[in-house]
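Below is one structure, written out as C-alpha cells; the observations come after it.
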Amino acid sequence: MRLWALIWQSLFSRRLSVVLTLVTLALSVALFLSVTRLQNAARNSFERSIAGVDLIVSARASDLQVLLYSVFRLGDPINNLSWESFEQWSADPRIAWSVPISLGDSHRGFRVMGTTNAYFDHVLYGNNQSLAFASGKGLDDLFDVVLGAGVAQKLGYGLNDRLVVSHGTVSTGNSEHDDLPFRVSGILEPTGTSIDQTLLVSLEAIEAIHLGWQTGRKLASGNADQLRQAELQPTQITAAFVGLNNRLRIFHVQRAVNSYDEEALTAVVPGVAFARLWSIVGVAEQAFRAIAVLIVVLSILAMITMILTTLSERRREMAIYRSLGATPLVIAMMLLSEALVIAFGGCLTGWLFVQATSRIGASMLQERLGLLLPQHWLTWGELWVLLAILASAGAAAIIPAALVYRSTLADGLTVRS
Amino acid sequence: MIEPASAENITTDSLAPSDGGQDGAPGDSSRAPLLELTGLKFSYGAGSAFQLTVDHFAVEAGQTVLLLGESGTGKSTLLNLITGVARQQAGEIKIVGQKMRADKPAQADRLRGQHIGLIYQSLNLLPYTSVKQAVVMALAFSSLRRKRIRGPVDQEVKRLLNLLNLDATALFDRPVVALSAGQQQRVAAARALIGRPELIVADEPTSALDSKNQARFLDLVLGSLDRSSQSLLMVSHDERIAPLFDRVVRIEELTA
Ligand SMILES: Nc1ncnc2c1ncn2[C@@H]1O[C@H](COP(=O)(O)OP(=O)(O)OP(=O)(O)O)[C@@H](O)[C@H]1O
Ligand SMILES: [Mg+2]
C-alpha cells in the first residue's frame, strides 16, 4: 500500500465528480488548443500565400482590397489595370520582372486566373518555395489549363482531361460554354495556399472566353482553331506581381507607381498589407484567445470548487490518515497530487481529443478553406500552456491543501462522521 | 514489501537514544518502559476548567493496561496527549525512548505512525475501502511497520483477520460497509495491529457493540497481540472487563 494507491482509492470513490471535473478541464484544454491551432494555421497559410513579390500593382484601391483579391482571390476588383500601364511599368529599369494576373472567371466554384508562365518562375509561396508541378507542365497552348492541387483532387481531374471555363465567378449551368474545352496541361503540388483552389490559364485564354461570351453565340469546336489565330491581346488585367532589381527601393518605386499620371494606380507592399490585415484580424484573434483562456481558468476554478466542497465530507478521511501517521505535509501533498492528477488527466484527454479531431478535420479544412492544419504532436508553445495549466492547478490546490493542513491540526484525531 | 529506509524512517529512528531499545529485548533489566509520562500538565485553555495532571505513568513492553474512569474525567484527553495530538503545558511523554512532541506536529505524526496503532470508538474505517484496503492503509504512512512484515502483505492481512475471527477469504475484498459493526471494529483492530506497532491505543473500542460482542472483541484483540513486543492501553468505564488485563489503572489514581 502506497500513498498513490490511497489517492487513487479516494479519487475512485468520488469518481463521478472527478470525471466531470476532468471532462470540463479536457474540453476547455481542447478548445484552447483548437483555437490556437486554427489561428496559427490561418495566419500561417495567409502569410505563406505569397513570397518573393516586392509589389502588387493594381488600379486604385485600398491595400487590403488589393491583397484580398490578388492574393486570396477574395472579392472582386473594382477597376482593372490597363495593359498599356502594365507594359509601361514593366519596362521600368527598376523593375526586374512582372507577372500579370487576370481574375473574374470560374470553373465549378473554383477561381480561374489568367496569367503567364512567368508566374511559375517568379511568384513563390511559403519559405520562398517555387510552385512545383506534380505532373505535366505550364501553359503552352491557348487552351491549356494548370490546376491547383485542391482543384484536381476535388474535381477528380487528371492530366489531359478536358474541362470548361465559364465567365463570371458564379458557376451556373447556362453560362457554361461547352464548346471551349480546355485541356489540363499540368497539375501543381499542394501548397496550402489559395493557389491550390485556383485554375491557371493564359491571359489570352481569358480574352478568348470573353470574346466567345461577348459575341453571344455558340462557337463550334472548330472555332477553337480560329480563336488561336485571332488577336487575343488583353486590354486590361486585374493586377501585376512585381519584383524589383533593388529591394531597398521598394518604397521609392511604390511612391512612383502611386503618383503615376496616366492612370490611378496602387502599389502594395505585401508585408505591409499583411501587417495591416493582422492588426484588424488580430483583435478578433485576441478576443477568441482571451475567451479560451477564460474557459481554462473557469475549469481550474471548477476543479478547486470540487476539491473544496468534498473537503468537509473528507474530514474523516484526513483524521484517519493522520491517526495512521500522515503528517499535515503528506496530506497536503496528497491533495496537491490529486489536483495534479485531475489536471494532467484533463490536459491529456483534451490534447488527445484535439489530436484525434484534427486528423479528421484537417482534410475538411484543406478542402473547404484551403487551410493547411499543421499535423504536429505538441509545439513548445502548447507545451508551455499545458504546463502552465498544471502549475496553476497545483498552485490552486495549495488553498484546499492549506485549509486541510490547518483543519487536521485543529481537529486532532477526533473522527467525525 | 521490503524496501530501503525512506527519509521519514531515518529521521525518527535515528532520533532514538541508545538507551531506548526499539527491539525491546525481554530480559534487558536496564530497559526503559515502552511509554512513560512524567510531570504532565494539561488544560484546554482559558475557557475550560478541566485540568489534567499526571506525575508519573508508565507502560511496560508487552503489558496490557486498562484505564478506567467516569465520563468526562479526561481519559480521551490523556490518550490524545500520549498519541501526540493534544499538546501538554508541561511535562514529558516518551514512547520507545523518543519524546512525543505535539508542538512539532509532523514529528509527532511520524512517531505515532511508526509505533502506535489506534482504535477509536467508531468511524474507524473509510466507507469506500475494502477490508484489505482498510487494513493495509496503516502501512502507507509507516515505513517501519511496512518493513516489519515478513512475506507477502496479503498473507499477513489474512493472518490478522483470521486471528480476529474474521473469515479472511470471504471478506478480503468486501467493502467495509458490508460488515457488521462488530466486524468493522475487528477490521480496525487488524489495521492497528498490522506491522506490529509497539503500542496499541484503544479508546472505548467496544462501546458501540452489544455486550456479547464486547467480550468477544476484547478476547480476540488480546489474543492477537504479540505479547513479547506489543502493549495495549485501553480506555473504558466498564469495570467488568478488568480481569482480562495485566494491569488496571484508574484515572483518579493517576491524576491524584
Ligand atoms: N476540545 C475540548 N475543549 C475544551 N474542553 C474539552 C475538549 N475536549 C474535552 N474537553 C473537556 O475535558 C474533559 C475531559 O474530556 P475527555 O473527553 O477527555 O473525557 P473522557 O474521560 O474521555 O470522557 P468519556 O468517557 O465521556 O469519553 C471534559 O470535561 C470535557 O468537557
Ligand atoms: Mg472519551
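Descriptive notes on the structure:
- In order along the stretch A:184-195, the phi-based Karplus estimate (6.51 cos²θ - 1.76 cosθ + 1.60, θ = phi - 60°) of 3J(HN,Hα) comes to 6, 9, x, 10, 7, 5, x, 10, x, 10, 5, 5 Hz; Gly and Pro are listed as x.
- Tilt relative to chain A, helix A:3-13 - C-alpha long axis, 0 to 90 degrees, to 10: 80
- Among A:268-279, A:54-65, sorting by the average number of other beta carbon atoms lying within 10 angstrom of each residue, highest first, gives A:54-65, A:268-279.
- Residue by residue along B:73-83, Cβ atoms of other protein chains within 10 Å of the local Cβ number 1 on average.
- Within chain B, longest stretch clear of exposed chymotrypsin sites (Phe, Trp or Tyr not before Pro) (DSSP loop, no more than 14 other Cβ within 10 Å): B:51-256
- Simple spin-label estimate for A:T235 and A:F12 in nanometres, 7 Å along Cα-Cβ: 8.4
- Every Cα-Cα pair in chain A was counted, and those over 27 Å apart are 63% of them.
- Placing +1 on each Lys and Arg Cβ and -1 on each Asp and Glu Cβ, with no other charges, gives the protein assembly as shown a dipole about its Cα centre of roughly 2300 debye.
- Among B:S236, A:L365, A:S102 the positive-end extreme of the charge dipole of the protein assembly as shown (Cβ point charges): B:S236
- Here the Kirkwood formula, the inverse mean of 1/r across different C-alpha pairs, assigns the stretch A:251-309 a hydrodynamic radius of 15.5 Å.
- Diffusion coefficient (Stokes-Einstein, Kirkwood radius over C-alpha pairs, 4 °C, 1.567 mPa s) for the stretch B:134-204: 104 µm²/s, rounded to a whole number.
- Among B:G39, B:G72, B:G182, the residue with the largest mean-square fluctuation in a Gaussian network model of chain B, with springs joining Cα atoms closer than 10 Å, is B:G72.
- Residue of B:K212, B:K99, B:K41 that the Gaussian network model of chain B assigns the largest fluctuation, springs spanning Cα pairs under 10 Å: B:K212
- Euclidean distance of C-alpha centroids, the stretch B:31-78 and the stretch B:199-256, integer Å: 15
- Sorted largest first, extent of the stretch B:8-255 alpha carbons per principal axis (Å): 49, 40, 36
- Shielding of peptide A:326-335 by partners, expressed as the average count of other chain Cβ atoms within 10 Å per residue Cβ, is 4.
- Helix A:380-411 and the longest principal axis of the C-alpha atoms of chain A enclose an angle of approximately 20°.
- Other residues lying with their Cβ under 15 Å from the Cβ of B:V54 contribute a combined charge of 0, Lys and Arg counting +1, Asp and Glu -1.
- Computed over chain B: relative contact order in percent, which uses C-alpha pairs under 8 Å that are six or more apart: 27
- Relative contact order of the stretch B:54-117: 22 percent, from C-alpha pairs under 8 Å at least 6 residues apart in sequence.
- Across the options B:I251, B:L220, A:L232, the greatest Cα extent toward the positive end of the charge dipole of the protein assembly as shown (unit charges at beta carbon of Lys, Arg, Asp, Glu) belongs to B:I251.
- Local electrostatic count at A:R43 - Lys and Arg +1, Asp and Glu -1, tallied over other residues with Cβ under 13 Å: +1
- Most mobile of B:I95, B:I149, B:I116 in a GNM of chain B (Cα contacts under 10 Å): B:I149
- Cubic angstrom per residue, convex hull over Cα atoms of the stretch B:58-199: 130
- D_trans [Stokes-Einstein, Kirkwood Rh over alpha-carbon pairs] for the stretch A:251-367, 10 °C, 1.306 mPa s, µm² s⁻¹: 78
- C-alpha center-to-center spacing [the stretch B:86-129, the stretch A:4-59] in angstrom: 48
- Backbone amide hydrogens, once placed in the peptide plane, bring A:A96 within less than 5 Å of A:G243, A:L244, A:N245, excluding anything fewer than 5 places away on its chain.
- A:D76/A:T357 FRET efficiency (R0 35 Å; Cβ-Cβ; nearest 0.05): 0.50
- For the stretch A:247-304, size of Cβ-based charge dipole, Lys and Arg +1, Asp and Glu -1, in debye: 280
- Counted charge near B:L125, where neighbours are those whose Cβ lies closer than 13 Å (Asp, Glu -1; Lys, Arg +1): +4
- Overall, the stretch B:8-255 carries a charge dipole of about 660 debye about its Cα centre when +1 sits on the Cβ of Lys and Arg and -1 on the Cβ of Asp and Glu, all other atoms neutral.
- Neighbouring Cβ atoms from other chains, within 10 Å of the Cβ of residues in B:130-142, number 4 on average.
None of the figures in this text is laboratory data; all of them are computed from the coordinates on show. Every value quoted in this text rests on a predicted model; they were computed, and no experiment measured them. As a convention, Cβ positions derive from the backbone with ideal geometry for all residues, glycine included, and neighbour counts pool all protein chains shown.
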